[in-house]
1. Taking the chain as a Gaussian network, Cα atoms linked when under 10 Å apart, which of Met11, Met91, Met45 shows the biggest mean-square fluctuation?
2. For the chain, build the charge dipole from Cβ charges (+1 Lys, Arg; -1 Asp, Glu) around the Cα centre, then report which of Ser163, Leu65, Met45 sits farthest towards its positive end.
3. At 222 nm, what helix-only mean residue ellipticity would the chain give, in deg cm²/dmol to the nearest 500, using -39500 (n - 2.57) for each DSSP H run of four or more?
4. Taking the Cα centre as origin and putting +1 on Lys and Arg beta-carbons and -1 on Asp and Glu beta-carbons, what dipole magnitude results for the stretch 73-173, to the nearest 20 debye?
5. Among Ile85, Ile25, Ile75, which one moves the most in a GNM of the chain with springs linking Cα atoms closer than 10 Å?
6. Which residue, Gly55, Gly96, Gly18, tops the fluctuation ranking in a GNM of the chain built on C-alpha contacts under 10 Å?
7. Please compute the volume of the convex hull spanned by the alpha-carbon atoms of the chain and report it per residue in Å³.
8. To the nearest 20 debye, what is the magnitude of the charge dipole of the stretch 4-130 about its Cα centre, counting +1 on the Cβ of each Lys and Arg and -1 on the Cβ of each Asp and Glu?
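The values are calculated or read from the model by the stated rules, or taken from the named source; none is laboratory data. For clarity, every value in this text was computed on a predicted model and none was experimentally measured. Because the Cβ atoms are built from the backbone with ideal geometry, glycine has one as well, and the counts that use them run over all protein chains shown. To get the accessible areas, we keep the full protein, side chains included, count just its heavy atoms, and leave off ligands, DNA and RNA. Shrake-Rupley method; radii C 1.70, N 1.55, O 1.52, S 1.80 Å.
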Amino acid sequence: MQNISSLVIPMMVLGIIGYAFIKKINIYDVFVEGSKESYDMVLTMFPCMLAMIFGVNIFIKSGVLEYIFSFFQNILNIFHIPLEILPMAIMRPISGSSSLAILNTILETYGPDSFVGRLASVIQGSTDTTFYILTLYFGSIGIKKIRYSLWAGLAADIIGIISAIIIVNYMFG
């Protein structure tokens, strides 16, 4: 199986080159033209990405997370939800790399087979980076009215987190 997976990308590249040869397309010129277009796209996306990274860093460094944690600790204890999951549940819709770093810390601290490790892994796979998607992709193409997309994305994230808690509690709790 490892041999097959290591050949997939080279076979795709050869397939594209073969298709271009059959259709008599100058693949080098098309590649260079596509590279130029991607450069313009990167320049368009950079301000949106910078603003998102700046906002996430302000949110993390401000100490708001500690305040939120202290507020929710009693509620989480009632439902037997580990407090260690809260940072990941909060950061997942905002930043994929931050939530992945939190997941890594949870797995290193508690182990991948622990209840907290399993719950964190399922949350990581069941949710998406809603604010990242809206900021980067919508901002880069100039969409300003994101109201319904925001609520739909956050609703999906909340449903994913609640479903992860229920399923992991049922299967491993």
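1. Sorting by GNM fluctuation, first place goes to Met11.
2. Met45
3. Details: 8 runs with 134 residues, N = 173.
So the helix-based figure for the chain works out to -26000 deg cm²/dmol.
4. On the way: 5 positive and 5 negative charges, 95 e Å.
That gives the stretch 73-173 a dipole magnitude of about 460 debye.
5. Comparing Ile85, Ile25, Ile75 in a Gaussian network model of the chain, the most mobile one is Ile25.
6. In the Gaussian network model the winner is Gly18.
7. Details: hull volume 31.7 nm³, N = 173.
Per residue, the Cα convex hull of the chain comes to 183 Å³.
8. Numbers: 6 positive and 9 negative charges, 37 e Å.
In debye, rounded to 20, the stretch 4-130 gives about 180.
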